[in-house]
Amino acid sequence: MFNDIGPLELLTLVVLAVLVFGPDKLPKVIQDVTRTIRKIREFSDSAKRDIREELGPEFKDFDFEDLNPKTFIRKQLDNDELGLKEIRNGFDLKKEMAEVTEAVQSADEAPSGSGAATAASSGSAPAKIDMQKKPEKPAADDHPPYDADAT
């Protein structure tokens with residue numbers, strides 16, 4: 001429950017409890033808190049037991065941890081009936097990226113037929129496509145759009 005509390009935080013909580021409740025009342029407060037936590041655990045256990053009894057023998061392997069969405073999804077993804085492990089293991093990202101890079105580089109090196117015909121008729125070299133994103137520079141007299149609702 002409190003796995004991430006370090007010694008410094010624990011010491012701070014103890015000092016704060018002594019200051020708030022005083023050294024005389026602190027043992028009584030600790031007893032009341034532990035008694036309340038024990039009652040809550042007993043109530044939770046009895047509620048789980050009642051639910052299991054009401055569900056019947058079909059749900060003997062039912063675990064309340066399955067109601068947590070993360071646990072449910074993790075169990076479903078680890079289930080081998082869907083074949084997701086084969087799909088996950090069969091996908092090689094480096095290989096796919098190498099194929100895409102090779103396709104882009106071969107497209108840059110080999111001019112297309114229509115571009116070569118146009119370049120031959122005009123007498124100039126074919127235009128190379130620039131695939132890098134560059135911000136468009138607005139003209140000197142262009143003003144950014146004005147939105148009255150945004151101001």
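Here are the numbers for the structure shown:
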quantity	calculated
Condition met for L26 (in a helix (DSSP H, G or I), surrounded by 10 or more Cβ atoms within 10 Å (Cβ to Cβ) and not acidic (D, E))	yes
Selection count where residues are open to solvent by 60 Å² or more (accessible area, probe 1.4 Å), in a helix (DSSP H, G or I) and modelled with pLDDT of 75 or more, scope region 87-105	10
Residue list for region 44-65, filter: among the charged types (D, E, K, R), in a helix (DSSP H, G or I) and open to solvent by less than 90 Å² (accessible area, probe 1.4 Å)	D45, K48, D50
Considering residues of region 1-50 that are among the small types (G, A, S) and more than 29 Å from F64 (Cβ to Cβ) only, the residue nearest to the chain's Cα centre (by Cα)	G6
Test result for K70, under 28 Å from the mean Cα position of the chain (by Cα), among the basic types (K, R) and surrounded by fewer than 10 Cβ atoms within 10 Å (Cβ to Cβ)	yes
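The values are calculated or read from the model by the stated rules, or taken from the named source; none is laboratory data. Note that this is a predicted model, so its numbers are computed, not measured. All Cβ positions, glycine included, derive from the backbone under ideal geometry; neighbour counts span all protein chains shown. To get the accessible areas, we keep the full protein, side chains included, count just its heavy atoms, and leave off ligands, DNA and RNA. Shrake-Rupley method; radii C 1.70, N 1.55, O 1.52, S 1.80 Å.
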